[in-house]
1. Restricting attention to segment 149-196, which residues are over 26 Å from Val112 (Cβ atoms) and small (Gly, Ala, Ser)?
2. For the condition open to solvent by 70 Å² or more (accessible area, probe 1.4 Å) and either modelled with pLDDT under 95 or of a type in the set (Asp, Glu) (or both), what is the one hit in Glu107, Glu48?
3. Tell me which residues, restricted to segment 151-201, are among the small types (Gly, Ala, Ser) and open to solvent by 10 Å² or more (accessible area, probe 1.4 Å).
4. For segment 92-104, check the following and say yes or no: at least one residue is at pLDDT 90 or above, surrounded by fewer than 17 Cβ atoms within 10 Å (Cβ to Cβ) and either over 15 Å from the mean Cα position of the chain (by Cα) or part of a strand (DSSP E or B) (or both).
5. Only one of Val42, Val13, Val53 is of a type outside the set (Gly, Ala, Ser), under 30 Å from Phe200 (Cβ atoms) and in a loop (DSSP other than H, G, I, E, B). Can you tell me which?
6. Criterion first (open to solvent by 10 Å² or more (accessible area, probe 1.4 Å), in contact with a Pro (Cβ under 8 Å, 6 or more places away or on another chain) and in a loop (DSSP other than H, G, I, E, B)) does Ala64 satisfy it?
7. Evaluate segment 68-80: report whether one residue or more is within 19 Å of Phe192 (Cβ to Cβ), crowded, with 17+ Cβ neighbours inside 10 Å and more than 17 Å from the chain's Cα centre (by Cα).
8. Which of (1) outside any helix (DSSP H, G or I); (2) more than 30 Å from Ser93 (Cβ to Cβ) does Tyr36 not meet, given it meets every other one?
Amino acid sequence: YNEIKDLQMSGTVKTALNDAKAAYDAEQSAENLNKYGDAVNVAIKNIELLADVTPGADKTAAIANADAEDGVKTPWEGLARVINNQGNAHSGSWLFETAGWGPKHSEMKQTVQGLPAGKYELSAYFMGAAETFAKLHGNDAVSAEVQGSGDSGDDRWKKISVTCTVEEDGVLVILAEGNTEAEKNWCNFDDFSLKYLCPFNTISAGLYTITADVALADGVSETMVPAD
């Protein structure tokens, strides 16, 4: 505990670690010792996860309850409820419902801490009424708007992604929102994921644009210069 307590880890993991230590300090039972040891092991794995800055590294584990399979809303804010609905969940048995036949605007939000600074790809799956439009925010970055396809067909779940930046403070605020002009519509999310792309000063292969200045020789028509 003393060796890892000050290392970077997600806020929920650090809280669980400190709570387990406090419980063991208060009552040094075998049960509390086992829980304390489990919390230390979880923290070590989380520290290793967050320290990995390999391009393409999966950071989804930094998002608490990313797939709703915990069966509770915690630690998401603004969320209406989680539903045990195996036939409709994107994976597993549970999904997030931000609005069920209710408001015209709905959202769910979570703050992730302890991430290495850099560029990330944040994704989630969305399913909603045909009149519902969803967007995904990662800090100040916002995805394109995606329209729901209703309650039929195999393509009901649509993936939303946004490229976002995490500063040196290691904080990523995730916000998924649904909007509709119609009354009594529904909006669901499931399976949030996070992928590390690159540090600030690195541009990954394929993620760049080349521009060039073309000097025309005397007597050559500009129309003869290829546009690309």
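The values are calculated or read from the model by the stated rules, or taken from the named source; none is laboratory data. Quick caveat, the model's predicted, so the values are computed rather than measured. Cβ coordinates were reconstructed from backbone atoms using ideal geometry, including for glycine residues, and neighbour counts include every protein chain displayed. Ligands, DNA and RNA are stripped out before the accessible areas are found, and what is left, the full protein with its side chains, is counted by its heavy atoms. Shrake-Rupley method; radii C 1.70, N 1.55, O 1.52, S 1.80 Å.
1. If the condition is that a residue be over 26 Å from Val112 (Cβ atoms) and small (Gly, Ala, Ser), then Ser149, Gly150, Ser152, Gly153, Ala182 are the ones that fit.
2. Glu48
3. Within segment 151-201, Ser152, Gly153, Ser161, Ala182, Ser193 qualify.
4. For segment 92-104, residues at pLDDT 90 or above, surrounded by fewer than 17 Cβ atoms within 10 Å (Cβ to Cβ) and either over 15 Å from the mean Cα position of the chain (by Cα) or part of a strand (DSSP E or B) (or both): present.
5. Residue meeting the stated conditions: Val53.
6. In short, yes.
7. Yes, there is a match, as at least one residue in segment 68-80 is within 19 Å of Phe192 (Cβ to Cβ), crowded, with 17+ Cβ neighbours inside 10 Å and more than 17 Å from the chain's Cα centre (by Cα).
8. (1)
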